1. Can you tell me which residue is farthest from Phe308 (Cα to Cα) among those in region 330-349 that are modelled with pLDDT of 95 or more and not hydrophobic (A, V, I, L, M, F, W, C)?
2. Looking at Tyr275, Tyr263, Tyr298, which one is of a type in the set (Ser, Thr, Tyr) and more than 18 Å from the chain's Cα centre (by Cα)?
3. Only one of Ile154, Ile179, Ile186 is in a loop (DSSP other than H, G, I, E, B), modelled with pLDDT of 90 or more and buried (at least 18 other Cβ atoms within 10 Å of the Cβ). Can you tell me which?
4. Just one of (1) surrounded by fewer than 22 Cβ atoms within 10 Å (Cβ to Cβ); (2) of a type in the set (Lys, Arg); (3) in contact with a strand residue (DSSP E or B) (Cβ under 7 Å, 6 or more places away or on another chain) trips up Arg412, so point out which.
5. Which of the numbered conditions does Ser218 fail, given that it passes all the others? Conditions: (1) out of contact with any Pro (no Cβ under 6 Å at 6 or more places or on another chain); (2) surrounded by 15 or more Cβ atoms within 10 Å (Cβ to Cβ).
6. Mind listing just one residue for me: the one in region 177-220 that is out of contact with any helix residue (DSSP H, G or I) (no Cβ under 9 Å at 6 or more places or on another chain) and not β-branched (Val, Ile, Thr) and, of those, farthest from Gly336 (Cα to Cα)?
7. Return a yes/no flag: does region 243-257 have any residue that is touching a helix residue (DSSP H, G or I) at 6+ places or on another chain (Cβ under 8 Å), of a type in the set (Lys, Arg) and modelled with pLDDT of 95 or more.
8. Of all residues in region 272-308 being of a type in the set (A, V, I, L, M) and assigned to a loop (DSSP other than H, G, I, E, B), which is nearest to Ile364 (Cα to Cα)?
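The values are calculated or read from the model by the stated rules, or taken from the named source; none is laboratory data. Fair warning: this is a prediction, and the values are worked out from it, not measured in the lab. Note: ideal-geometry Cβ built from the backbone for every residue, glycine included; neighbour counts use all protein chains shown.
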Amino acid sequence: MYKTLTISSVVMILAFSGYVSEVPSSKVSISIEIDFPEENIDKKTNVGKPEVEVLDKEKIEVNEEVKSISVTKKLNEQVLITSHVNNYKSNINLLVENDKKYGLLEETKYLLERYFDLLKKKKEEKLQKERIEKQKLFWQHNKYIEYEKAIRGIYINGYLYGNDSFKEKMHDLVFSTKINAVVIDIKSDNGHVLYETKVEEAININSVRIKYSETDLSFYKNNDIYLIGRLVAFQDPLFAKKHPESAVWDKKNDTIYKQGKQYFLDPSDLKARKYILDLAVDACRIGFNEIQLDYIRYPDSQYKYMKFDLESTVENRTLSIQSFLYNVQQELHSEGCLLSADIFGYVLTNRADGGIGQNLESIITSVDFISPMVYPSHYSRGSFGYESPNNHPFEIVTSALEDGIERIDDKRQLRPYLQSFWHTDEEIREGIRAAEDKNLSWILWNSISNYSYESLIGD
């Protein structure tokens, strides 16, 4: 329910669109509308209370000969009439210049210009508040940058974390090595939510498999370990089968698109986006410092019969991923969490989106950190001039990171996933050395969290 605030004032014509027709010889009036939500209504006066002082009340004279001005504010919008300010100002000047008959025109011009100045001030105050709040969010993360030089993390398989002996092993590894951060699954590749979530949709589709609790997370936080929650986004067999209308569709076979054992959600589908967002916010509230979205992409397939809500073009794919990340980031920041995204390693080098919606320049503007998977074993023969990339971890990781650093303003946003599988301890340390030579944070990936103590010790 909305109420309209009406203020008696000046004489002139000004359409809400900013268009001014020929000034008539009779009395003229301006109309600007500002709606206030019902809950913001003063019950005694029945007048809405704006967030800022709109006009100097002493300047507004009630005059029977003057037409009324109604001033309107859209719900949840901080800046009013922003796209029409210039038009208003130019039209006011035009009226003042061409119609000197009404002595209140100059006064009206002053009042409206003051009104626009107040709106501008309010917007600047809001932006400054957001900047301050964001700095607070970074405190937890920055203390590792300042005192320990970098985030040094490992991925912990959420399913295995439910095993006490495995949990103890991870604790020993973290507290006896250089590790100061852990990544734990929120929602897995199988679509399972691995903690006791409050998200109704997760409960309804029977996706909950509780493997850890808030107490487990508190143990890490109380010991100054930075907590990152990994949330597999647009790959989810449970949600896809429950809501086929939200999944990527196979037009040829008239069924849900399937890529091996993977079922993908449509990144442009609103229901799918809401589900992921709700889980991210819920996980933030149980104690994670940061939410990390994995599979934040379209299927990496050349299959031409895939159907999406929006046509799969480069523009639509990149915009869908970017806009979704931006929305999640805003929500998480308001909850006190940061946002990161896992991307393919080749995104650091390739300028196109690779058919999956991952473009470095568009993604980096909507997250706090990116974690490119610069696994030497995943690069094709000949990459960066090496016949066998997997045998050259330092060189491959270095080359990939250099490509990425050249394309972003703040390299601290770059926090790579490093290979901790199919490699010797020495090769793992070489990957770590490549990241640290660039003064970057890093996270080790091993799908079953089988890490070697020897690969993690050192300076």
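1. Thr349
2. On the way: Tyr275 fails: more than 18 Å from the chain's Cα centre (by Cα); Tyr298 fails: more than 18 Å from the chain's Cα centre (by Cα).
Every option except Tyr263 fails the conditions.
3. Numbers: Ile154 fails: in a loop (DSSP other than H, G, I, E, B); Ile186 fails: in a loop (DSSP other than H, G, I, E, B).
Sole residue among the options that is in a loop (DSSP other than H, G, I, E, B), modelled with pLDDT of 90 or more and buried (at least 18 other Cβ atoms within 10 Å of the Cβ): Ile179.
4. (3)
5. It fails just one condition, (2).
6. So the first thing to find is which residues in region 177-220 are out of contact with any helix residue (DSSP H, G or I) (no Cβ under 9 Å at 6 or more places or on another chain), and the list is 183, 188, 203, 213-215, 217-218.
Next, only the ones that are not β-branched (Val, Ile, Thr) stay: 188, 213-214, 217-218.
Values: Ser188: 23, Ser213: 19, Glu214: 16, Leu217: 16, Ser218: 16 Å.
My answer is Ser188.
7. no
8. Our first condition is that a residue be of a type in the set (A, V, I, L, M); within region 272-308, this holds for 272, 276-277, 279-281, 283, 286, 291, 293, 296, 306.
After this cut, where a residue has to be assigned to a loop (DSSP other than H, G, I, E, B) as well, the list is 286, 296.
Details: Ile286: 26, Ile296: 13 Å.
The extreme case among them is Ile296.
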